[in-house]
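> Structure incoming, see below.
The values are calculated or read from the model by the stated rules, or taken from the named source; none is laboratory data. No experiment lies behind these values; they were computed from the predicted model shown. Backbone-built Cβ (ideal geometry, glycine too); neighbour counts: all protein chains shown. We work out accessible area using only protein heavy atoms, side chains counted, and drop any ligands, DNA or RNA first. Shrake-Rupley method; radii C 1.70, N 1.55, O 1.52, S 1.80 Å.
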Amino acid sequence: MKGNKNRIVINATFGHENPTGLGVYTHELVLGLLKAECDYDFTVYSSSPALKKMYPEKVTRVSPLTSPALGFAGHLVRVLWQQTMLPFKSRRQNASLLYSTVPEGILFSPLKQIITMHDILPMKYPEMYPRMKYHFYYTVPLLLKKSRAVICTSENTKKDVVAQYAVMDTPLYVVYEGFNGQRFFPREKGVVQKRYGLGNYLLYIGDMRPYKNLERSLDAFARLNRTDLFFVIGGKKDPQFYPSIEKKVDRLLLKDKVIFLGYVPEEDLPHLYSEAEVFVFPSLYEGFGLPPLEAMACGCPVVSSDSASLPEVCGDAVRYVDPYDVESIAQGMRDVLNDEVMKRSMIAKGFERAKLFSWERSAKEHLKIFEECLGI
């Protein structure tokens with residue numbers, strides 16, 4: 001070690017036992033950083049028992065009351081901890097750099113600070129984030145100004161951050177997410193049929209907020225008029241958004257054809273991707289878009305929106321559709337379902353595309369940015 005300049009604190013408090021989205025990012029990236037060969041002495045603050053078990057000497061547990069699983073209450077406790085205990089602990093360790101895996105951190109940091117911007121969803125859809133929008137309106141601009149650098153998960157997110165916050169002096173870097181290649185790869189057929197009793201199906205994985213475009217996806221599925229297919233939805237049945245999706249299914253007379261799985265255990269996800277006929281992801285907005293990447297890695301052809309960051313992630317490996325046009329989505333589904341040559345080509349291209357992304361690569365790029373910020 002070269003002394004204190006190599007001591008880095010990682011604020012990984014956005015994590016819990018059943019992570020999705022930002023929680024998955026936090027968990028996987030922190031693992032990538034801790035596994036990397038480097039000259040940094042990391043101290044990780046997290047409420048994740050899994051991280052603590054794997055790296056007991058490097059991970060310091062924080063109160064589970066900071067967990068994002070607790071919603072707004074967890075956010076308030078987490079922010080309070082970050083403004084009080086985190087500066088104190090960082091100073092006590094003589095750390096020179098603080099890295100936060102999400103757009104949170106210390107407003108008046110005693111050390112150099114880097115934050116990650118994944119998207120600006122609460123600014124684009126404030127009605128869906130009635131409380132979180134205030135964090136993005138008032139706190140995030142201060143964090144951007146006070147940070148030594150900002151990491152964005154896509155060029156699209158970087159563009160949005162620049163446009164929304166007029167960031168001028170703080171360097172912005174783009175570092176793509178990865179996927180867990182030891183988990184997401186083609187699996188043997190038949191597991192889904194045995195475990196869930198499903199025949200042929202189209203698959204969607206994610207939450208149910210309106211920008212995910214599930215209602216238009218269901219309209220498109222109805223237009224297929226295929227009695228031999230199910231539409232499977234994996235993700236938490238959010239009480240704020242699930243009722244409207246359920247009503248949509250009823251209106252379309254698809255109650256027997258649409259299956260809500262709820263939260264899917266991580267060990268089941270690769271099997272669901274591997275056995276799906278098509279993965280459907282016509283989202284209106286994504287900061288990165290991890291599910292299509294996971295699907296491609298499992299050999300599942302993807303029908304994707306042509307919006308936001310998704311073309312950056314998916315390249316030429318997917319069938320793009322206009323997410324605002326139901327018939328475009330339906331035709332994308334038909335094309336993949338009915339054209340075996342296209343399907344095989346998409347699967348092959350998907351495997352090649354997925355090879356470009358890994359958490360190991362993401363971690364290495366983060367380390368380079370840390371080095372620049374520390375002036376090493």
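> For region 1-114, with all protein chains present and a 1.4 Å probe, just round the carbon and sulfur fraction of the accessible area to a whole percent.
On region 1-114, the fraction of accessible area on carbon and sulfur atoms equals 56 percent.
> List every residue whose amide H lies under 5 Å from the amide H of residue 117, counting only residues 5 or more places away in sequence or on a different chain, with H placed 1.01 Å from N in the peptide plane.
When sequence neighbours closer than 5 places are left aside, the close amide H contacts are 151, 152, 153.
> For residue 364, which aspartates and glutamates qualify as cross-link partners when the Cα separation must be under 17 Å and same-chain residues fewer than eight apart are set aside?
Hits, sequence-local ones excluded: 28, 37, 39, 41, 177, 372.
> Next question. Send over a whole-number figure in Å² for the accessible area per residue of the chain, probe 1.4 Å.
Computed with neighbouring chains in place, this is 44 Å² per residue.
> Using the basic label-point model (7 angstrom from Cα toward the beta carbon), what is the residue 342 to residue 185 distance in nanometres?
Each label point is offset 7 Å from its Cα along the Cβ direction, giving 3.0 nm.
> Hey, which of these cross-link pairs are over 25 Å Cα-Cα: 146/355; 159/212; 58/212; 146/236?
Flagged as over cut-off: 146/355; 58/212; 146/236.
> Would you be so kind as to identify all helices of the chain, as entire DSSP H runs, whose Cα atoms reach 20 Å or more along the helix's own axis and whose mean Kyte-Doolittle hydropathy is at least -1.0?
72-92, 340-354, 359-374
> Here is a further query. Using the Cα centre of the chain as origin and beta-carbon charges of +1 (Lys, Arg) and -1 (Asp, Glu), tell me which of 13, 182, 128 is placed farthest towards the positive end of the dipole.
13
> How high is the relative contact order of region 186-302, in percent, counting Cα pairs under 8 Å that sit 6 or more residues apart?
Worked out over region 186-302, it gives 36 percent.
> Continuing with the same structure: I'd like to compare 52-59, 154-161: which one has the highest average count of other Cβ atoms within 10 Å, and what's the full order after that?
With the highest mean Cβ count within 10 Å placed first, the list reads 154-161, 52-59.
> Among the lysines, which have Cα under 20 Å from the Cα of residue 53 when same-chain residues fewer than 8 positions away are ignored?
Those lysines meeting the cut-off are 35.
> Do the sum for the chain: with -39,500 (n - 2.57) for every DSSP H run of n ≥ 4, divided by all residues, what is the mean residue ellipticity at 222 nm, to the nearest 500 deg cm²/dmol?
Taking each H run of at least 4 residues, the total per residue is -12000 deg cm²/dmol.
> For residue 8, which sequence-distant residues (separation of 5 or more, or a different chain) have an amide H within less than 5 Å of its own amide H, given hydrogens modelled in the peptide plane?
HN-HN under 5 Å from residue 8: 41, 42, 43.
> In terms of solvent-accessible area of protein heavy atoms at a 1.4 angstrom probe, what is the ranking of 255, 212, highest value first?
255, 212
> In addition: Counting only protein chains, not ligands or nucleic acids, how are 358, 309 ordered by accessible area (probe 1.4 Å), most first?
Reading off the accessible areas and sorting them downward yields 358, 309.
> Using alpha-carbon pairs under 8 Å, 6+ residues apart, how would you state the relative contact order of region 1-101 in percent?
40 percent
> With label points built 7 Å along Cα→Cβ from the Cα atoms of residue 61 and residue 166, find their separation and express it in nm.
4.7 nm
> May I pose another question? To the nearest 20 debye, what is the magnitude of the charge dipole of the chain about its Cα centre, counting +1 on the Cβ of each Lys and Arg and -1 on the Cβ of each Asp and Glu?
The calculated dipole for the chain is roughly 1200 debye.
> Given R₀ = 22 Å, what would the calculated FRET efficiency be for residue 39 paired with residue 365, taking r from the Cβ atoms and rounding to 0.05?
After rounding to 0.05, the efficiency reads 0.85.
> Now a separate question. Once the piece of chain linking residue 260 and residue 322 is laid out straight, how much longer is it, given 0.36 nm per residue of separation minus the C-alpha distance between them?
Gain on stretching residue 260 to residue 322: 19.9 nm.
> Based on the mean of other Cβ atoms within 10 Å per residue, sort peptides 313-324, 230-241 so the most packed one is first.
Averaged packing, sorted descending, gives the order 313-324, 230-241.
> For 162, 341, 62, give me the order by solvent-accessible area with a 1.4 Å probe, most accessible first, ignoring ligands, DNA and RNA.
Heavy-atom accessible area, descending, gives 341, 162, 62.
> Between region 26-48 and region 308-322, what is the separation of their alpha carbon centroids in Å?
If we compute the Cα centre of each part, the gap is 30 Å.
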